[in-house]
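These notes concern the structure reproduced below.
Please treat every number below as a calculation from the coordinates, not as lab data. What you are looking at is a predicted structure, and each value in this text was computed from that prediction instead of being measured. A quick note on method: Cβ atoms are made from the backbone with ideal geometry, for glycine too, and the neighbour counts reach across all protein chains shown.
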Amino acid sequence: MAKAKIGVYWAAACGGCDCSLLEVNEQILDVIEAADILFWPCAADAKYEDVRAFAHNELDLVLFNGAIRTEENREMAELLRTRARWLAAYGSCAHTGGVIGLANLSTHDEIFATVFGKQANWPKTHVEVAGRSLDLPAFLERLTPLDTVVDVDYYVPGCPPPREVVSGLFSALIAGDLPPKGTVFASEKNLCEECARERKQERITRILRPHEQEPDPEKCLLDQGFVCMGPATRGGCGAVCPAANMPCTGCAGPTARIRDQGSAMLNTLASLIGTGEENEEQWEAEDAVIAQLADLFGTFYRFSSAHSLFGRRYHE
Amino acid sequence: MPVPRIGVFVCHCGLNIERTVDTKAVAEALRTHPGVVHVEDYDYMCSDPGQQLIKEAIAEHRLTGGVVAACSPAMHEPTFRRAAEEAGLNPYLFEMANIREHCSWVHLDRNEATRKAIRIAKTLIEKVKGNHPLEPVQIGHVEKCLVIGGGITGIQAALDVADAGFEVLLVEKAATLGGHMAQLSETFPTLDCSQCILAPKMVEASRHPNIRTLTYSEILEVSGYIGNYAVKIRRNPTYVDPETCNLCGECAKVCPESVPSEFERGLVERKAIYIPFPQAIPSSYTLDETACLGLQPLRCSECAKVCEPGAIDFDMRPEILEEEVAAIIVATGYELYPILNLGEYGGGEISDVIDGLQFERLLSSSGPTGGEVRRPSDGKIPKRVIFIQCAGSRDPENHNAHCSKICCMYTAKHALLYRHAVHDGEAIVFYIDVRAGGKGYEEFIQKATEDERIRYLRGKVARLYREDDQIVVWGVDTISGRRMELRADLVVLALSIDPHPSARELARTLKISCGAEGFLKEAHPKLRPVESLTAGIFVAGAGQGPKDIPESVAQGSGAAAKAITLLVQEKLTHSPEVVAIDEAVCGGCGVCVGMCPYGALSLNGAGVAECNEVLCEGCGTCVSACPTGAAQLKNMTDAQLHEMIEVALADG
Amino acid sequence: MADERANGFEPKIVAFLCRWCSYAGADLAGVSRMTYPPNVVPIRVNCSGRVDVGMVVDALSSGADGVLIGGCHPGDCHYVNGNYKTRRRMEMLKRALDGVGIDRRRVQLEWISASEGAKFRDTVTAFTQLIKELGPSPVPVGATADGEG
């Protein structure tokens, strides 16, 4: 049987997703046996010419991690789309925009001022040097997930995708048995299904941040008042963060039926807040609990702001 | 889901709609909406010919669903759903678009109203496209009713259900039926002898072939749902066989242990082996093991030695019964507010400051003073009695906020009866208001106020204390504006009415609610006063709120009627527009469970949420709380709402 | 009125009305022949407790300039306490709107009973006027393209 051909690309990314491909330990050797990795900028030198030289759909599978932040990212996404039979949005950034999607809550100017200081120091997209000119890829107005610029076949959620998930993906690839288009390589259910903690669905009387108190390792984190995104997040990771006594931050994105992960958790948390018997006298206390939420978007939309209403700032 | 073939029927409603909304334009606009295969407009869709048009269209165009754009669904949804059903289409595939109350009747501009009507109709077309055919939920049920509480309310309820031909289990905590009514001397406004009107009912209940009475018993556990409740009851041992006991009373004579008598409210003592009152039902003595010297091991057996019929059995043990009932009526009654809490009125330390029920015992011919009004401290006949209304009621800062409803009437009764008994006696009533709303009540109060030796003083009593052999009472007469310092031989407090202390725990066992003050919560204060929010569980009597005997009896019958309605149906049906859980995405987080006011949700053995369709009322609060979208309302899913929202806002 | 129409902006408003109270209140406004602006399209839900953050966000992303939610008065909810949860959810939502610069007044939760036809009329009239003053929603339609295909 001919070896499969795969490619890995990183757009606006941190490199964690590339590292995560090696979390499968020895299985990577099986992968190498079954497939040739023809393109992986993080691990091997390659030129864009090489990609352009591939035939249409020559690559069986491309794992695209990182979000679309610059013109370069978009170009490569479009290019790889034509050269790949199956394109997977790999990792949270490609899937839902990732943490870096929160950049959309700042303007271009605010970001550049923070990073580069005064305007004179800002990089220019068009540079003339010694009679020659260079065009750098433009910083796009908004950072978006992969599927806003090309058609995506698979989603591999997680920041980064956990070992079990990656291993599952590789097993399918090695067996030559990739699932139907549109498959999300994670559980259809939320994290609670995999979480071993004892749940009582307590009413929430105050909100705690992880640094304020050490969580009880046996009890549900939400019951204790920590905002655990587990109920609104796709499982499949084995609930590793709660197992390490930290609340889930939602990196795998929303569960199968939900469009807006943050809205789902806002609903759930608001529903659970309860300082006494439900009546008007509790409203002030309830609002005080809501006010304890320090960073709404960083908490509820940490990985999934890009596709939501709250994925940009508006000007009335 | 089949390919949608939706029929749209636009009603002119005479000129009601047509005057403002161009129904033909609406029909035209909807003709091209995706999924619509048939549109027509007509003068009066709800009329027979109108309904006929709908039925014919369903058949001719093989409609999979329909929308009638007309008046409010509150008017005619059942009409059109019935028509659809008659034409062979599941009624839940028919919706109404309100283009009258919400459109033609409230707007002036024809163009704007027409455009809005089209939008409204489109939202319902989208809803119908997502609707599934639904069948009403059907549940079988057992044929027994449980009544908890053997006072007048519970007895009435039990009799009504039993007379209707159904089996009743009547469970009472005390050793006898009768409740507080048995302690009363006479009842207002008729001054009927309480025992005389109560005893026949008690006997009837105990003898009724359909009623099984379990006194000295408690409810331990309740599970299940309407039509099918599983109840665990503990019968506490009385150590006396009621069939054999002949009421000779020799046992009590030799019993060495005494405790304050509950029936006489502590005015006198009773023995460890006792009968609460002579007409008690069951007609038997009871051995109170907490007052007895000891049964395990047996420390004394003087009572058994003198019991000629051999009715005493120290080997009796608690019995656990498991029963299945279709409906439960809760009639736990009331208790008086603890006098201990009224420090300003002596806190229970002054023997001649008594409560209304104690005064009833003094008045009663079978009471500790043989019907002579003698005060507790020295047995003297009081020549001046001061009655204090609202003791602990209407006082949100310190005691109960509510009005206890019956005190004005029974205080007037007490004053009148006292005056009958002590001809030269003087009664003073301190009141804030006099509430006498029942039939004949105002006239009754007049009798009291007209008596020249009964004085009504409008004002609160600040405090009272004993001085020598009288009670000094500091009050105020707000009408004359004078502070009063009066001396009385006896003070009677109209203590506030509290729910029975066992009610809260029982409510938790039954999973029904109590209000903030502890009274059983009714489903709706105006229109559903004898139903709890839990289907199949009804509430009645003073346990639901302070009330007098006629109201208690009426509620007992009302609750019985509700139970009978349930029992008489072959199968119980329930609307199918309820919540369904998608097990494929439910992770068992359980957030939904606590959201439901009806207790319809639970986590099942497989770790996923489950909705009991019989208990679900279809509000959808759990759907909004569900973080995965696993919980959805049938025929009002997130997906349907999304389509409705899109089409409501679309351009054009 | 005519001038405003000439200026062009007619707000698009969606109203989620609870079946037992606010929808019935709206019916009463109709029966009483009260008049109010035609900008509001009602959607009937059984309980205001069914209205969640996602639904309102959906409406705002689909072109709504304003969203009205009608529920029973506190303590009167036909389903006991659905409306209390609605209040908390909308409070959360409004804080999120504050965070991205959408005027929180574009989402209004109002307690309207079945007997308050006039209150329904007044609410719709005032809300429509408010949205006219706020201008069109800053949210571009289709702002939230679906993820996962």
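In chain A, what is the count of Lys pairs whose alpha carbons are under 26 Å apart, counting only pairs at least 8 residues apart or on separate chains?
9
Give me the angle, in degrees from 0 to 90, between the Cα long axis of helix B:549-568 and the longest principal axis of the Cα atoms of chain B, rounded to the nearest 10.
40
Identify all lysines with a Cα-Cα distance to C:LYS132 below 21 Å; exclude those on the same chain that are fewer than 8 residues away in sequence.
Correct list for C:LYS132: B:LYS116, C:LYS12, C:LYS94, C:LYS119.
What is the Cα centroid distance between the range B:1-33 and the range B:145-217, reported in whole angstrom?
Comparing the Cα centres of the range B:1-33 and the range B:145-217, I get a distance of 61 Å.
Size of the range B:43-190 along its principal axes in angstrom, Cα-based, largest extent first?
75, 38, 28
Rounded to the nearest whole Å³, what is the per residue volume of the convex hull around the Cα atoms of the range A:129-228? Don't jump to the answer; show the numbers that get you there.
Values: hull volume 25.5 nm³, N = 100.
Per-residue hull volume (Cα only) is 255 Å³.
Select from A:SER263, B:GLY346, C:TRP111 the residue farthest towards the positive end of the dipole of the protein assembly as shown; place +1 on Cβ of Lys and Arg, -1 on Cβ of Asp and Glu, and compute about the Cα centre.
Ranked along the dipole, the leading option is C:TRP111.
Tell me the Kirkwood hydrodynamic radius of the range B:186-323 in angstroms, computed as one over the mean inverse distance between distinct C-alpha pairs. Don't skip to the answer; put the middle values down first.
Numbers: mean 1/r = 0.0586 Å⁻¹.
After inverting the mean inverse Cα-Cα distance, the result is 17.1 Å.
Could you work out how far apart the two model spin labels at B:ARG482 and C:ARG105 are, taking each label as a point 7 Å from the Cα in the direction of the beta carbon, and quote it in nm?
6.2
Just for the Cα atoms in the range B:500-632, what are the lengths along the principal axes, largest first, rounded to whole Å?
So the extents along the principal axes, rounded to whole Å, are 55, 36, 26.
At R0 = 25 Å, how high is the FRET efficiency between B:TRP474 and B:GLU397 if r is their beta carbon distance? Nearest 0.05 is fine. Write down the numbers at each step before the final one.
On the way: r = 19 Å, r/R0 = 0.75.
The formula returns an efficiency of 0.85 here.
Just from its helices, what would the mean residue ellipticity at 222 nm be for chain A, if runs of 4 or more DSSP H residues each count -39500 (n - 2.57) and the sum is divided by every residue, rounded to the nearest 500 deg cm²/dmol? Can you show the working numbers first?
Working: 12 runs with 93 residues, N = 316.
Result for chain A: -8000 deg cm²/dmol, rounded to the nearest 500.
Taking +1 at the Cβ of each Lys and Arg and -1 at the Cβ of each Asp and Glu, which of A:PRO242, A:THR205, A:LEU293 sits farthest along the dipole of the range A:191-307 towards its positive end, judged by Cα position relative to the Cα centre?
Checked the options; the winner is A:PRO242.
What distance in nm lies between label points placed 7 Å from Cα along the C-beta direction at A:ASP45 and B:ARG207?
With each label placed 7 Å out from Cα toward Cβ, I get 11.1 nm.
Calculate the tail of P(r) for chain B: the fraction of all Cα-Cα distances greater than 34 Å, expressed in %.
Working: 124503 of 212226 pairs.
More than 34 Å apart: 59 percent of the Cα pairs in chain B.
Shape of the range B:338-444 from its Cα gyration tensor (a ≥ b ≥ c, root eigenvalues): rounded if a/c is under 1.5, otherwise prolate when a/b > b/c, or oblate? List each step's numbers first, then the result.
On the way: a/c = 2.03, a/b = 1.19, b/c = 1.70.
Here the range B:338-444 falls in the oblate category.
Once each part is reduced to its C-alpha centroid, what is the distance from the range B:439-474 to the range A:13-42 in angstrom?
94
With a bin width of 10 angstrom, please list the P(r) values of the range B:35-79 as percents of all Cα-Cα pairs, from the 0 bin to the one holding the largest distance.
Bins of 10 Å from zero give 25, 59, 16 percent of pairs.
Report, in degrees rounded to the nearest 10, the 0 to 90 angle that the Cα long axis of helix B:73-86 makes with the longest principal axis of chain B.
The two axes meet at around 70 degrees.
Cα atoms only, the protein assembly as shown: Rg and Dmax in Å?
Final numbers for Rg and Dmax: 37.2, 129 Å.
Once label points are set 7 Å from the Cα along Cα→Cβ at both B:GLU60 and A:GLU23, what is their separation, rounded to one decimal in nm?
6.4
Direction-averaged shadow area of the convex hull around the Cα atoms of chain A, nm²? List each step's numbers first, then the result.
Details: hull surface 81.9 nm².
Over all viewing directions, chain A projects a mean Cα-hull area of 20.5 nm².
Show which aspartates and glutamates lie in cross-link reach of B:LYS526 when reach means a straight Cα distance below 20 angstrom and same-chain residues fewer than eight apart are skipped.
List returned: B:GLU517, B:ASP548, B:GLU551, B:GLU617, C:ASP76, C:GLU116.
For B:ARG5 and A:SER106, what is the calculated FRET efficiency with R₀ set at 51 Å and r taken between the beta-carbons, to the nearest 0.05?
Details: r = 51 Å, r/R0 = 1.00.
Efficiency, from the Cβ-Cβ distance: 0.50.
To check my understanding: the extent here is largest minus smallest coordinate of the Cα atoms along each principal axis. What are those three numbers for the range C:2-134, in Å, largest first?
In descending order, the Cα extents are 45, 40, 18 Å.
So, R0 is 25 Å and r is the distance between the beta-carbons of C:VAL141 and C:VAL31; what FRET efficiency does that work out to, to 0.05?
On the way: r = 35 Å, r/R0 = 1.40.
After rounding to 0.05, the efficiency reads 0.10.
With only Lys, Arg, Asp and Glu charged, each at its Cβ (+1 for the first two, -1 for the last two), find how big the charge dipole of chain B is about the Cα centre; round to the nearest 20 debye. Numbers along the way, then the final one.
Values: 63 positive and 87 negative charges, 197 e Å.
Taking the Cα centre of chain B as origin, the dipole is about 940 debye.
Take the Cα pairs of the range A:191-307, get the Kirkwood Rh, then feed it into Stokes-Einstein at 10 °C and 1.306 mPa s and tell me D in µm²/s. Let's see the in-between values first.
Numbers: Rh = 14.5 Å.
After rounding, the answer is 109 µm²/s.
Is there a pair in B:LYS24/B:LYS129; B:LYS144/B:LYS413; B:LYS271/B:LYS521 whose C-alpha atoms are over 28 Å apart, and which pairs would that be? Present the calculation step by step, with values, prior to reporting the outcome.
Details: B:LYS24/B:LYS129 23 Å; B:LYS144/B:LYS413 40 Å; B:LYS271/B:LYS521 38 Å.
The pairs that break the limit, which is 28 Å between Cα atoms, are B:LYS144/B:LYS413; B:LYS271/B:LYS521.
Run down the aspartates and glutamates and flag those whose C-alpha is under 14 Å from the C-alpha of B:LYS253, throwing out any fewer than 8 positions away in its chain.
In chain and number order, the partners are B:GLU269, B:GLU302, B:GLU308.
For the range A:205-281 and the range A:130-158, what is the separation of their C-alpha centers, rounded to whole Å?
If you average the Cα positions of each part, the centres end up 32 Å apart.
Tell me which DSSP H helices of chain C clear both cut-offs, 18 Å or more of axial length from alpha-carbon atoms and a mean Kyte-Doolittle hydropathy of at least -1.0. Display every interim value, and only then the final one.
Numbers: long enough: C:82-100 (28 Å, -1.14); C:117-134 (25 Å, 0.01).
Both cut-offs are met by C:117-134.
Want the number for B:ASP451 to B:GLU257: 0.36 nm per residue separation, take away the alpha-carbon distance, what's left?
Values: separation 194, 0.36 × 194 = 69.84 nm, distance 4.52 nm.
Taking B:ASP451 through B:GLU257 to full extension adds about 65.3 nm, to one decimal.
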